[in-house]
Amino acid sequence: MKTTTEMQLVPIAKLVPYVNNARTHSPEQITKLRSSLREFGFINPVIIDRDYGVIAGHGRILAAKEEGIAEVPCVFADHLTEAQKKAYIIADNRMAMDAGWDEELLRVEIESLQGMDFDPLLTGFDEKELAALFDDCTEAKEDDFDVDAELQKPTFSWLGDVWTLGRHRLVCGDSTKPEVYDILMVGTKANLQKKLGNRRVASPRHTTSTMKARQARSRTTTWQVRNSTSFCLPHSKIWSRLWRRTHPSMCSTPTPRA
């Protein structure tokens, strides 16, 4: 059996994409590939012939160009005939489509990554796919909990109180004050901040200074931190009761102040 034996770093400018490559690459896929390159580096080499014609790795090359990468690792497959190269370009893409997923093991692995504070979106799955993976098809049921009645009762949360709800964090505070974000984020940075009505949502690794600069004048703020949700709410007692009903094993509550 023949195999490849030589790998080199090759300037992207020397690589020649196959003109009849039938595999397409959407902007969304290129964005995922760029994120992968930033996180993991260029691990999977491009397969080329001796004339630097690309056999496999067209998408990675496009992503590398957009990332400003000048050289990429390439493996020379110079033992292939012209017919074999044409066939392999198709086969490399088609055969991968026949693979499946053990969804139970996949859920275990995704949950493990979340427990390590690693962004599962970097696996290539998008938010809808991850939501579908963990959807147990159980619909919420109405109960006799009276939200309006609870709103009339005094709350025992004070400014600065932080609630731990599984991997989620909830802080009682004024969302217009920078020190509240310091308490909520505990040094974590977010990727971005988006406005949803009178709420704001942030994702991991956005700079703290930008978050402070874009504070909403709303008293209710929602943050997405390290793949878990943190809330800044005026009625944390109600939220905690709702959460405890659906996640009893995940919840802890602060001790009320005297």
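The values are calculated or read from the model by the stated rules, or taken from the named source; none is laboratory data. Just so we're clear, the structure is a prediction, and the values are computed from it rather than from any experiment. Here the Cβ positions follow ideal geometry from the backbone for every residue, glycine too, while neighbour counts run over all protein chains shown.
What number of residues in the stretch 79-93 are in a loop (DSSP other than H, G, I, E, B) and surrounded by 13 or more Cβ atoms within 10 Å (Cβ to Cβ)?
Here the count works out to 1.
Keeping to the stretch 45-59, report how many residues are more than 16 Å from I90 (Cα to Cα), modelled with pLDDT of 95 or more and either of a type in the set (K, R) or surrounded by 18 or more Cβ atoms within 10 Å (Cβ to Cβ) (or both).
Going through the stretch 45-59 one residue at a time, the tally reaches 1.
Have a look at G68, G100 and point out the one that is modelled with pLDDT of 90 or more, at positive phi and either among the polar types (S, T, N, Q) or not in a helix (DSSP H, G or I) (or both).
Exactly one residue qualifies, and that residue is G68.
Conditions first: (1) buried (at least 18 other Cβ atoms within 10 Å of the Cβ); (2) in contact (Cβ under 8 Å) with a residue 24 or more places away in the chain; (3) within 29 Å of the chain's Cα centre (by Cα). E66 passes all but one, so which condition is the exception?
Failed condition: (1).
Go through (1) of a type outside the set (K, R); (2) in contact with a strand residue (DSSP E or B) (Cβ under 8 Å, 6 or more places away or on another chain); (3) touching a residue at least 24 places away in the same chain (Cβ under 8 Å) for A22 and report which single condition fails.
(2)
Pairs only if they're at least six apart or on different chains, beta carbon under 7 angstrom, first in the stretch 25-53 and among the charged types (D, E, K, R), second assigned to a helix (DSSP H, G or I); list them, first residue then second.
Pairs that qualify, where the first residue is among the charged types (D, E, K, R) and the partner is assigned to a helix (DSSP H, G or I), are R34/A63; R34/E66; E39/L122; D49/K85.
When both residues are 6+ apart or on different chains and their Cβ atoms are under 7 Å apart, which pairs have a first residue that lies in the stretch 111-132 and is surrounded by 12 or more Cβ atoms within 10 Å (Cβ to Cβ), and a second that is outside any helix (DSSP H, G or I) and not β-branched (V, I, T)?
As it stands, the answer is Q114/N227; D117/R226; D119/P204; D119/N227; P120/N227, since those pairs meet every condition given.
Can you pull out the residues in the stretch 41-63 that are assigned to a helix (DSSP H, G or I) and either within 23 Å of the chain's Cα centre (by Cα) or polar (S, T, N, Q) (or both)?
Within the stretch 41-63, G59, R60, I61, L62, A63 meet the criteria.
Please verify whether R38 is among the basic types (K, R), in a helix (DSSP H, G or I), exposed (fewer than 13 other Cβ atoms within 10 Å of the Cβ) and within 30 Å of the chain's Cα centre (by Cα), treating the condition exactly as stated.
For R38, the condition - among the basic types (K, R), in a helix (DSSP H, G or I), exposed (fewer than 13 other Cβ atoms within 10 Å of the Cβ) and within 30 Å of the chain's Cα centre (by Cα) - is met.
All but one of (1) charged (D, E, K, R); (2) under 15 Å from the mean Cα position of the chain (by Cα); (3) closer than 21 Å to H25 by Cα hold for D92; which doesn't?
That leaves (2) as the condition not met.
Check E71, E6, E82 and return the single one that is free of Cβ contacts under 8 Å to residues at least 24 places away in the same chain and more than 21 Å from the chain's Cα centre (by Cα).
The unique qualifying residue is E82.
Where in the stretch 110-221 are there helices (runs of 4 or more DSSP H), lying wholly inside it, with at least 2 residues that are within 24 Å of the chain's Cα centre (by Cα) and at pLDDT below 85?
Answer list for the stretch 110-221: 178-185, 208-213.
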